[in-house]
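Following: one structure in structure tokens, then a few remarks.
Any read-out appearing in this document is the output of simple, stated calculations on the displayed coordinates, not a laboratory observation. Remember, it's a predicted structure, so these values are computed and weren't measured experimentally. Cβ atoms come from the backbone with ideal geometry, glycine included; neighbour counts cover every protein chain shown.
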Amino acid sequence: MPKSIKKRPPKKARTEEIPVYSELKQTIARRQKAVLVAAVSAAVVLALAAGLYFHHTGTVRRANGYNARGYALFYGLSPEAPASDQLRYQQALSWFEKAYGERKSAYSLYYIGASQYELGQYAQAVATLQRIYSRYPDDAQFVPLSLYKLAMTELKLGKNDDALKYLRMMENSQFDSLKDMAYYEDGRLLESMGKKDEARQKFAELMQKFPQSPYSMDIRAQEAAQQGAAKAGAQKQPAAQKQKKPGK
């Protein structure tokens with residue numbers, strides 16, 4: 001009799017995944033999650049950057065608008081400017097302060113100080129203008145302007161030595177702007193203080209360093225006028241002596 005064939009039981013389907021494949025799926029899932037997190041983070045950063053950009057743009061626009069209104073009032077260019085200089089400078093000061101509160105700048109700070117100067121608030125003007133060269137030391141426009149205005153403010157306060165200090169700071173500054181004017185004002189102030197020799201030395205420095213400056217030309221014109229007057233006086237003296245009749 002033929003042997004009976006035993007049926008083998010069917011193989012059970014494997015429900016467990018191959019370890020390597022399972023690990024690969026987990027790695028892919030982790031990477032997908034990381035990519036998703038990175039994409040969300042990038043979107044958040046872009047949104048923040050866009051918000052900051054538009055906020056910054058709006059801030060700058062508002063500050064510029066306030067500065068423009070203050071400038072027009074300060075120089076009397078606005079048709080809305082009051083007739084009273086005191087009121088006009090007060091209004092200009094208010095707009096410059098608003099601009100500085102919106103966006104810090106040497107421009108706004110300088111005109112705050114300049115408005116205070118025009119209003120006779122000299123102590124406040126000194127405090128304001130000092131902040132310019134301490135906070136914006138590389139500003140080639142407003143550092144020289146602020147130092148000059150400080151010198152003029154100290155003169156209003158009767159502090160000649162402090163005025164000279166700021167003029168010397170201009171002379172030794174890294175910026176050439178207004179240096180010739182600083183030498184000129186320095187010499188004039190020394191003259192007013194009775195320091196004639198120091199004044200002549202300062203004027204000589206001015207003409208040597210800035211020969212084409214209008215201030216140098218002014219000094220040369222004054223010297224020529226003085227020499228001409230002295231020469232004319234010397235010529236008149238002998239003529240007068242000749243005309244004088246000898247006494248009996």
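If each residue of separation counts as 0.36 nm, what is the full-extension length gain between Gln130 and Thr59 once their alpha-carbon separation is subtracted? Display every interim value, and only then the final one.
Details: separation 71, 0.36 × 71 = 25.56 nm, distance 2.51 nm.
Net length gain for the segment: 23.1 nm.
What are the semi-axes of the equivalent ellipsoid for segment 93-248, taken as the square roots of 5 times the Cα gyration tensor eigenvalues, largest first, in whole Å? Working shown, then result.
Values: eigenvalues 398, 57, 30 Å².
Taking √(5λ) for each Cα gyration eigenvalue gives 45, 17, 12 Å.
Using the Cα centre as the reference, give the magnitude of the dipole from point charges on the C-beta atoms of segment 103-246 (Lys, Arg: +1; Asp, Glu: -1; all else neutral), rounded to the nearest 20 debye. Let's see the in-between values first.
Values: 22 positive and 17 negative charges, 144 e Å.
The calculated dipole for segment 103-246 is roughly 680 debye.
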May I ask for the percentage of alpha-carbon pairs in segment 84-161 that lie more than 20 Å from each other? 28 percent
Hey, if you put +1 on the Cβ of every Lys and Arg and -1 on every Asp and Glu Cβ in segment 74-212, which of Tyr75, Met207, Ala163 ends up farthest toward the positive end of that dipole? Ala163
Rg/Rh for segment 66-125: what does it come to with C-alpha atoms and Rh from Kirkwood? 0.95
Among the aspartates and glutamates, which fall within straight-line cross-link reach of Lys149, defined as a Cα-Cα distance under 13 Å, with same-chain neighbours fewer than 8 residues apart omitted? Glu118, Asp162, Glu185
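For segment 55-101, which chymotrypsin sites (Phe, Trp or Tyr not before Pro) are in a loop by DSSP, counting at most 12 other Cβ atoms within 10 Å? Mind dumping the intermediate values first?
On the way: sites: Tyr66, Tyr71, Phe74, Tyr75, Tyr89, Trp95, Phe96, Tyr100; in loops: Tyr75.
In loop regions of segment 55-101 (DSSP not H, G, I, E or B), the sparsely surrounded chymotrypsin sites (Phe, Trp or Tyr not before Pro) are Tyr75.
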Pop out the ³J(HN,Hα) list for segment 217-230 in order, Karplus 6.51 cos²θ - 1.76 cosθ + 1.60 with θ = phi - 60°, rounded to Hz; leave Gly and Pro as x. 4, 5, 5, 5, 5, 5, 5, 5, 5, 5, 5, x, 5, 5
In nm, to one decimal, how far is the modelled label at Gln227 from the one at Ala204, with both set 7 Å along Cα→Cβ? 1.5 nm
